[in-house]
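What follows is calculated from the coordinates using simple rules that are stated; it is not laboratory data. What you see is a predicted model; the values in this text were computed from it and never measured. Note that we place each Cβ from the backbone using ideal geometry, even for glycine, and neighbour counts take in every protein chain shown.
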Amino acid sequence: MLFQLIFFIADISVGQQRHLIFVTQHQLHVLARAKTWYVDDTFRLLRKPFTQIFTINIFLRAGDNTKQVSLMYVLMSGKPRADYCAVFAALLDQLPDPPAVVSITADFEVGM
């Protein structure tokens with residue numbers, strides 16, 4: 001139960017759609033400091049009512065190694081623009097500091 005309290009931060013409803021956000025407090029701190037976010041959707045992995053996993057990723061460097069790391073996961077049951085707006089609004093409300101992000105890279109998604 002403790003894992004759920006730390007990792008699960010929001011249950012958002014937009015009309016009939018439901019979105020569950022999973023991120024730790026440490027991941028929120030790292031996300032707030034990142035200058036570039038890379039967002040991605042993964043389809044066909046979930047059963048109804050969820051239709052996609054939406055992730056926010058960043059690149060982390062340690063010495064000579066750079067890795068892409070997913071910091072936030074959202075189980076989404078819809079993908080219209082209003083759904084993404086609600087998810088981003090909930091994320092911004094949870095960030096411990098104002099975000100340093102200056103660019104967001106996404107694959108093409110009309111709602112995004």
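Given (1) free of Cβ contacts under 8 Å to residues at least 40 places away in the same chain; (2) within 20 Å of Pro96 (Cβ to Cβ); (3) in contact with a Leu (Cβ under 6 Å, 6 or more places away or on another chain); (4) not charged (D, E, K, R), identify the lone condition not met by Ala32.
Among (1) free of Cβ contacts under 8 Å to residues at least 40 places away in the same chain; (2) within 20 Å of Pro96 (Cβ to Cβ); (3) in contact with a Leu (Cβ under 6 Å, 6 or more places away or on another chain); (4) not charged (D, E, K, R), the lone unmet condition for Ala32 is (1).
Rundown of residues vs (1) touching a residue at least 40 places away in the same chain (Cβ under 8 Å); (2) under 10 Å from the mean Cα position of the chain (by Cα), yes/no style:
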{"residue": "Gln52", "(1), (2)": "no, no"}
{"residue": "Ser70", "(1), (2)": "no, yes"}
{"residue": "Val74", "(1), (2)": "yes, yes"}
{"residue": "Lys79", "(1), (2)": "no, no"}
{"residue": "Ala89", "(1), (2)": "no, no"}
{"residue": "Gln94", "(1), (2)": "yes, no"}
{"residue": "Pro98", "(1), (2)": "yes, no"}
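Taking only region 40-69 into account, find how many residues are in contact with a helix residue (DSSP H, G or I) (Cβ under 9 Å, 6 or more places away or on another chain) and under 18 Å from Leu91 (Cβ atoms).
Selection size over region 40-69: 4.
Would you list the strands (runs of 3 or more DSSP E) that sit entirely within the chain and hold 3 or more residues that are surrounded by 13 or more Cβ atoms within 10 Å (Cβ to Cβ) and touching a His at 6+ places or on another chain (Cβ under 9 Å)?
In the chain, 65-76 are the strands (runs of 3 or more DSSP E) which contain 3 or more residues that are surrounded by 13 or more Cβ atoms within 10 Å (Cβ to Cβ) and touching a His at 6+ places or on another chain (Cβ under 9 Å).
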